[in-house]
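Since the structure comes first, as structure tokens, the remarks are kept for the end.
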Amino acid sequence: MTRLVAGNWKMNGCLAANRRLLDELVVEAGVEMAVCVPFPYLAQLQERPAGLVLGAQDVSEFEAGAYTGEVSAAMLAEFGCRYVIVGHSERRALFAEDDLLVGRKAHAALAAGLTPIVCVGETLVERDEGRAMAVIGRQLGAVLEVLGRVAMARVVLAYEPVWAIGSGRSATVAQVEDVHAGIRGWLREQGVAADAVRILYGGSVKPENAAGLFALADVDGGLIGGASLVAADFMAICRAEAGGV
Ligand code: PGA
């Protein structure tokens, strides 16, 4: 399967800074390189380096209609998005998105021909209490309940421990290995074609730690926040992934 490195710009950027970043980006061969940008910049990103794949950071669960402020999956598809992040921990924590809503958003994305990048992950308290895999199983279970087994194999999953996001403190190689194998095993137990599902790691991935994380058997790429805003760092991370094939 093609490995994927997706940048999550979050609520950062402006037209001038985006242009500078895009001018510096060189797309790596051997890895799918994507950027998930704020909605208004989807128009600007119509012009981008050849081969750079486009994505968004959220999507409405609804198809169309009187939903002020929402953006539909069809709109994202019209702007050439291939991916959309759903269920990022910032949306779960700050915007009260629950597990089933994340499932419905993933469903809306698939219905419009997009691939959802479904984020899961535990908080530090949940990890310390030994509940990491239980929490992730609950988050995944809700998505499976909405999508069913066949569609579940068409999503991309991203394991993002909440405590590792933007903290500079990545999960250790052993922790990532453990959870990724756990997620793959969970999918298999549920009767999902687990080997078809790409499982990304996200949380303080940097050029210095990328190669070690990407070399792990069940890590199929990365979801990159802060480092995706610096062209040299994002490219170095993509190179680490391409080298790890
Ligand atoms: P980070 O963010 O790389 O800045 O830790 C990752 C994410 O939130 O997707």
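The values are calculated or read from the model by the stated rules, or taken from the named source; none is laboratory data. Keep in mind that what you see is a predicted model, and the values were worked out from it rather than measured. Virtual Cβ from ideal backbone geometry, glycine too; neighbours counted across all protein chains shown. Please note that ligands, DNA and RNA were not included when accessible areas were found on the heavy atoms of the full protein model with its side chains. Shrake-Rupley method; radii C 1.70, N 1.55, O 1.52, S 1.80 Å.
General observations
- Surface composition of the chain: carbon and sulfur make up 54 percent of the accessible area, probe 1.4 Å.
- Most mobile of 85, 199, 136 in a GNM of the chain (Cα contacts under 10 Å): 136
- Dividing the mean sequence gap of close Cα pairs (under 8 Å, 6+ apart) by how many residues the range 1-129 holds gives a relative contact order of 21 percent.
- The GNM of the chain, with springs linking C-alpha atoms under 10 angstrom apart, assigns the highest mean-square fluctuation among 40, 161, 49 to 40.
- Rel. contact order, % - alpha carbon contacts under 8 angstrom, at least six apart, the chain: 22
- Sites residue 208 and residue 14, calculated FRET efficiency, Cβ-Cβ separation with R0 30 Å, nearest 0.05: 0.60
- Accessible surface calculations at 1.4 Å, restricted to protein heavy atoms, place the range 4-241 at 42 Å² per residue.
- Binning the alpha carbon pair distances of the range 1-138 at 5 angstrom intervals from zero yields the distribution 2, 9, 18, 20, 19, 14, 10, 6, 2, 0, expressed in whole percent.
- For the range 134-245: rounded, prolate or oblate by the Cα gyration tensor [a/c cutoff 1.5]: prolate
- Shape call, the range 4-241: gyration tensor on alpha carbons, a/c limit 1.5: oblate
- Kirkwood Rh, angstrom, the range 110-184 [1 / mean 1/r, Cα pairs]: 13.2
- Gap separating the Cα centres of the range 75-100 and the range 8-53, nearest whole Å: 18
- Extension gain for residue 79 to residue 174 (0.36 nm times residue separation, less C-alpha to C-alpha distance): 30.3 nm.
- DSSP H segments from the chain that extend 15 Å or more along their own axis, Cα-based, with Kyte-Doolittle mean of 0.5 or above: 99-111, 132-152, 231-243
- Candidates 61, 90, 28, ranked by Gaussian network fluctuation over the chain, Cα under 10 Å, top entry: 90
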